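So the structure is just underneath, and the comments pick up after that.
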Amino acid sequence: MSRRWWVLGGIAVVAVLAVVAGPWVYGTWIAEDDAPAASVSTSGAQPATGEVNGRWVVDAGLPPNETAAGYTVHEILNGASVTVVGSTGEVSGSATVEAEKLTAGEITVQVASIATDDPRRDGQFDTRVMSTGEFPTATFVVDGPVDLSGLPRDGTTGTVTATGTLTIKGVARPVTVDVEVLRSGDSLVASGSIPVTWTDFGVQPPSLGFVTVDGSGTVDFLVSLRRA
């Protein structure tokens, strides 16, 4: 009888430890932050050729500056604090530069194609969070001229500030973003992260018991552009 109680007691202790220590074990040994959102790389960059004026269109780009867009957010998952990055290469858009000023620009992202390392998270994102069947795209449209005359031509990056309108889930809000820009050969590469409060765009961050998502994050982009 005493042996039986020892066995039952051992099982109970293990069960309690699993409940109490499980989240700590997950957070310490299993959960990992995603890689940060892509930013402009100068690896292999060349001095700029030609003028910056003209019409440009977004293309797929080449490693390490492949076009991508998505989001970064912090969440608590099974007791673990992790940073989640979702991204997609399904990005289109164009830009117009006149007198070395960006006078028009638009980026369109296919939201349903944004993916993380967890298909279950992505399923919630597509349906309950973003309603991609009703709102398939997110857009950023430049609202005012941006001076590009000071951008380096030697294969290094420069930073400009752009104001525009960000539309997520059918809700449009004015935003300001610092954009890192590289002129390399006859191409342009630009990246930035726009801070957002999700509820400003009608997006309710999930809170499902096992996962709690922060109320703010960033919308990220890295776009490679070629002459139209």
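The values are calculated or read from the model by the stated rules, or taken from the named source; none is laboratory data. Only a predicted model underlies this, so the values are computations on that prediction, with no experimental measurement involved. Note that we place each Cβ from the backbone using ideal geometry, even for glycine, and neighbour counts take in every protein chain shown.
The table below lists the values:
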quantity	calculated
Residue satisfying condition, being in contact (Cβ under 8 Å) with a residue 24 or more places away in the chain and within 18 Å of LEU225 (Cβ to Cβ), within set ALA60, ALA35	ALA60
Unique match (being part of a loop (DSSP other than H, G, I, E, B), in contact with a strand residue (DSSP E or B) (Cβ under 9 Å, 6 or more places away or on another chain) and of a type in the set (A, V, I, L, M, F, W, C)) among LEU151, LEU182, LEU188	LEU151
Hits in segment 163-175 - residues which are within 16 Å of the chain's Cα centre (by Cα) and in a strand (DSSP E or B)	LEU166, THR167, ILE168, VAL175
Test: residue in segment 124-132 that is in the same structural domain as SER184 (by TED's automatic domain parsing) and in contact with a Gly (Cβ under 6 Å, 6 or more places away or on another chain)	no
Scope segment 53-98; condition outside any strand (DSSP E or B) and crowded, with 19+ Cβ neighbours inside 10 Å; matching residues	THR67
Enumeration of residues in segment 112-142 that are hydrophobic (A, V, I, L, M, F, W, C), in contact with a strand residue (DSSP E or B) (Cβ under 6 Å, 6 or more places away or on another chain) and over 26 Å from ASN78 (Cβ atoms)	ALA138, PHE140, VAL141, VAL142
Failed criterion for ASN78 (all others in (1) at pLDDT 95 or above; (2) over 23 Å from ILE168 (Cβ atoms) hold)	(1)
Set PRO195, PRO205: member being without any contact (Cβ under 8 Å) to a residue 40 or more places away in the chain and within 19 Å of the chain's Cα centre (by Cα)	PRO195
Odd one out for TRP56 among (1) closer than 30 Å to ARG120 by Cβ; (2) out of contact with any Asp or Glu (no Cβ under 8 Å at 6 or more places or on another chain)	(1)
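Every residue, every condition in (1) touching a residue at least 60 places away in the same chain (Cβ under 8 Å); (2) under 30 Å from ASN53 (Cβ atoms); (3) crowded, with 17+ Cβ neighbours inside 10 Å; (4) touching a helix residue (DSSP H, G or I) at 6+ places or on another chain (Cβ under 6 Å), yes or no:
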residue	(1), (2), (3), (4)
THR132	no, no, yes, yes
PRO145	no, yes, no, no
VAL160	no, yes, yes, no
ILE168	no, no, yes, yes
PHE201	no, no, yes, no
ASP220	yes, yes, yes, no
